[in-house]
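The values are calculated or read from the model by the stated rules, or taken from the named source; none is laboratory data. Not measured: the values here are computed from a predicted model. Here the Cβ positions follow ideal geometry from the backbone for every residue, glycine too, while neighbour counts run over all protein chains shown. Only protein heavy atoms, including side chains, enter the accessible area calculation; ligands, DNA and RNA are left aside. Shrake-Rupley method; radii C 1.70, N 1.55, O 1.52, S 1.80 Å.
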Amino acid sequence: THMVLLDWIVGTPPPEFGALLSALQERDRWLATRGELFRMWIADGEAPQVARHIREEMGSYGFEMWARAALAIESAYGDGTPLEALARLQPPCPTLHLYAQPRDPRTLAVQQDFARANPWFRVQRLEARSHFPALESPDETARAILAFASEGQRRAGPLASPGH
């Protein structure tokens, strides 16, 4: 078994992320906060499929869904970061994190450091600009996933071990 994460905050989330999660749980602030998230997720990308997904699909959900999602995410981070959770898995699960946002080089550096200490973890920042690289750059996303899966089948060791 292999795991692919698409555009997660796998390390410690920035403080403003926690503020957004809190605001999504407040009936008088959720709509403006959702709009702020949508603007961040689209970034400077011009992918019509991303805009359509946000407008027609994500935009169709109301307060209750956004509040529940924010509470679940907030609660999950209360148990530690995704990297910390992955590090606790025994045996480790070969994991690839593909992401496009944020473009901040520190985000990539933290994950590269984690990968050096945990050879079963891989990270790749995609060329996509939005929070939805699988929609914006499906070919690049698919190539990265297929290469990861192919590597796991070819390698000896953790990526090809039975039971993973």
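Here is how the numbers come out for the structure above:
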quantity	calculated
12 Å beta-carbon shell around GLU36, net charge (K/R +1, D/E -1)	+2
Lys/Arg +1, Asp/Glu -1 at C-beta; the chain dipole; positive extreme among GLY80, VAL10, GLN90	GLN90
Computed label-point distance, nm, for sites GLU74 and ASN118 using a 7 Å Cα→Cβ extension	2.6
Between helix 63-78 and the chain: long-axis angle, C-alpha atoms, 0 to 90°, nearest 10	40
Counting all C-alpha pairs of the chain, share separated by more than 25 Å (%)	38
Average accessible area per residue (Å²) across the chain - probe 1.4 Å, nucleic acids and ligands excluded	57
Potential extension, ASP44-ARG88 segment - 0.36 nm per residue separation minus Cα distance	12.2 nm
Positive dipole terminus of the chain, leading residue within LEU126, ALA69, ALA23 (C-beta point charges)	LEU126
For peptides 8-17, 54-63, sequence by mean Cβ density within 10 Å, most packed first	8-17, 54-63
Principal-axis tilt of helix 138-154 within the chain, Cα atoms, nearest 10 degrees	30
Carbon plus sulfur fraction of accessible area for the chain, probe 1.4 Å, in percent	57
Sequence-separation-based contact order of the range 60-128, relative, with Cα cut under 8 Å and 6+ spacing, percent	32
Peptides ranked, highest mean first, by Cβ atoms within 10 Å: ranges 64-71, 84-91	64-71, 84-91
Residues with amide H under 5 Å from that of VAL4, placed H, sequence gap 5 or more	LEU96
Taking the chain and dividing mean pair separation by its residue count, relative contact order in percent (alpha carbons under 8 Å, at least six apart)	33
Between helix 15-24 and the chain: long-axis angle, C-alpha atoms, 0 to 90°, nearest 10	50
